[in-house]
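Structure first, commentary second.
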Amino acid sequence: MNSEDLKLIIAEGEGLTVEFKERYTSKIDRDIVALANSRGGYILLGVTDDGKITGEKLTNQMKAEISSLARNCDPHISIAKISQTGDVVAIEVPEGPEKPYSCSSGYFRRLDGMTQKMTQKEVRLIFRAAADMTFESLPCKGFSFEDVQLGKVRAFLKEAGASLKVTGANLPSFLSSLGICEANSINNAGALMFAADINRFIPHSETIMAAFKGVEKVHIYYRKDARTDLLSQFNAVMDFLKKQLNVRSEIYIDRREIYEIPLDALREALINALVHRDYSMRGTSIYVNIFDDRVDISNPGGLLPGVTTRNFGKESVRRNPVIADLFHRMGKVERMGTGIKRMKDLMREADLKEPEFTSDTFFHAVFYRNPEYSLKRAGGVGEENSGEKTVEKTVEKTVEKILSLMQQNPKITQAQLQTESGLTRRGIEWNLKKLKKSGRIRRIGPDKGGHWEVPGRK
């Protein structure tokens, strides 16, 4: 490793193939095992977690101890190279051909830029599926450095918050440090992220978006295909969701736009689809379908062997760890497999039904819309603001109706509110909770025998 390579790696930060250590300790065997169990990579001694160089000196004794720690792993691990580059000690660990590897402290792997200890169950799950997890790491046939679009590389770096400047000259080193280039051969993960035209190399990697009238795949009123790199697909889908879902405004101190389904929950599901998709399955796509009552985000491949919908989200197993690492670097992947819990929590906080997860050939994440506000746009596709205005007016009319009924009869019951307003029981409960939270109504006394107050209204 030369000084330019070192500078490049430190600028990119920790990830699937890079670990920073401020100083040498014997516990480094955990990181050696983790890298061997993943895609190989570098351990840099004398670098803090935030990329500041504090310095470490390589001695013959340290070099002998590191080699001994690697040999004592089971199976033995052969360190490719230990070198001093400036003030940093660089340890190059190759990907192991005899996975899984363990050290005296157990089995470890790389996940979201961290070395994580694995349970026996996780060891079985990960390496039972090892043969099926190779597509992203296979060389992309016919793909060369000339097929990489530097604009997409720079878009990735911008999302990752890196100030690094990549040119044609240092592109090979940059791609190699990300784990997507080896011996001047770029793998499928690299093509999926940075190809100028991915359709020439992996034509079955697109995302298809569609909006339907009703609750079945019968009457489609809008469709959009994203046949491009994975980051652009992510951005295209989020734009599609924002335009097709209803949004309302709530005013507290300032105006806030609130989508009928939390965008953060849908974002988690989309990232999950991109990271866990089986890209080796030809003739398939990621599908994002919007119906009157739900949003269904599905990806080819289903769950990995040994993972069920019951333990999904509890066992952190990834079909495409390199792609997952790239999205983690861009700040789009939650650490340690917390995405499923986050989706459920976000839906619950929005007073919506928890998402449903099912798996067969495809993995489906289904988010149910609030029936009170899942109204179609009156003007149809193309009138992007009409849906927002329709929903906003509908919500405000509903709120005004409830407030007026409470003013006329402070002792009105929820059943009476339901009858007078025409809302469902769930719709009344949802509105009352929001109105209480915003301070627009107050309940005085018990549920039976108490009454409503509407502050600020005469």
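Values quoted throughout were computed directly from the atomic coordinates according to the rules given, and no laboratory measurement underlies them. Remember, it's a predicted structure, so these values are computed and weren't measured experimentally. Using ideal geometry, Cβ is built from the backbone for each residue, glycine included, and neighbour counts are taken over all protein chains shown.
Results, tabulated for the structure shown:
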quantity: Nonlocal amide H pairs with T85, under 5 Å, H built at 1.01 Å; calculated: A90
quantity: ³J(HN,Hα) computed for each position of region 287-304 - Karplus, 6.51 cos²θ - 1.76 cosθ + 1.60, integer Hz, glycine/proline x; calculated: 10, 10, 10, 10, 10, 4, 10, 6, 10, 10, 10, 10, 9, x, x, x, 7, 5
quantity: Hz values of 3J(HN,Hα) by residue in region 223-237 - Karplus curve (6.51, -1.76, 1.60), Gly and Pro given as x; calculated: 9, 8, 10, 10, 10, 8, 5, 5, 5, 5, 4, 4, 5, 5, 5
quantity: E146/T424 FRET efficiency (R0 56 Å; Cβ-Cβ; nearest 0.05); calculated: 0.40
quantity: Estimated distance in nm for a label pair at K397 and A64, the labels positioned 7 Å out from Cα along Cα-to-Cβ; calculated: 8.5
quantity: Region 62-79 - phi-based ³J(HN,Hα) in whole Hz, Karplus 6.51/-1.76/1.60, Gly and Pro as x; calculated: 4, 4, 5, 5, 5, 4, 5, 4, 5, 5, 7, 6, 10, x, 4, 10, 9, 6
quantity: Region 398-428 residues near the modelled K434 label - backbone nitrogen below 14 Å, point 7 Å along Cα→Cβ; calculated: 398-403, 423-424, 426-428
quantity: Where a label projected 7 Å from the Cα of S83 along Cα→Cβ would reach, residues of region 53-75 with amide N under 15 Å; calculated: 58
quantity: Charge dipole (debye, nearest 20) of the chain; +1 at Cβ of Lys and Arg, -1 at Cβ of Asp and Glu; calculated: 1640
quantity: Options (i) 1.07; (ii) 0.94; (iii) 1.00 - which one matches Rg/Rh (Cα atoms, Kirkwood Rh) as calculated here; calculated: (i)
quantity: Inter-label distance for A162 and A415, nm, one decimal - labels placed 7 Å from Cα along Cα-to-Cβ; calculated: 6.4
quantity: Within region 146-201, trypsin sites (Lys or Arg not before Pro) in DSSP loop having at most 16 other beta-carbon neighbours inside 10 Å; calculated: K165
quantity: In region 97-196, GluC sites (Glu not before Pro) in a DSSP loop with at most 15 other beta-carbon atoms within 10 Å; calculated: E98
quantity: Filter on K121/K341; K99/K344; K21/K81 - keep pairs with C-alpha separation over 26 Å; calculated: K99/K344
quantity: Among beta bridges that DSSP assigns inside region 3-118, antiparallel share in %, nearest 5; calculated: 85
quantity: Percentage relative contact order, region 172-265, counting C-alpha pairs under 8 Å, at least six apart; calculated: 17
quantity: T361 versus E95: modelled label distance in nm, points set 7 Å from Cα along the beta carbon direction; calculated: 2.8
quantity: Under-5 Å amide H pairs with I412, H placed in peptide plane, nonlocal only; calculated: W452
quantity: Estimated FRET transfer efficiency (N170, K242; beta-carbon r; R0 35 Å; 0.05); calculated: 0.45
quantity: Full-extension gain in nm, A196 to D292, via 0.36 nm per residue minus C-alpha separation; calculated: 30.9 nm
quantity: Loop-resident sites, region 24-122, for trypsin sites (Lys or Arg not before Pro), counting at most 16 other Cβ within 10 Å (DSSP); calculated: K27, K52, K57
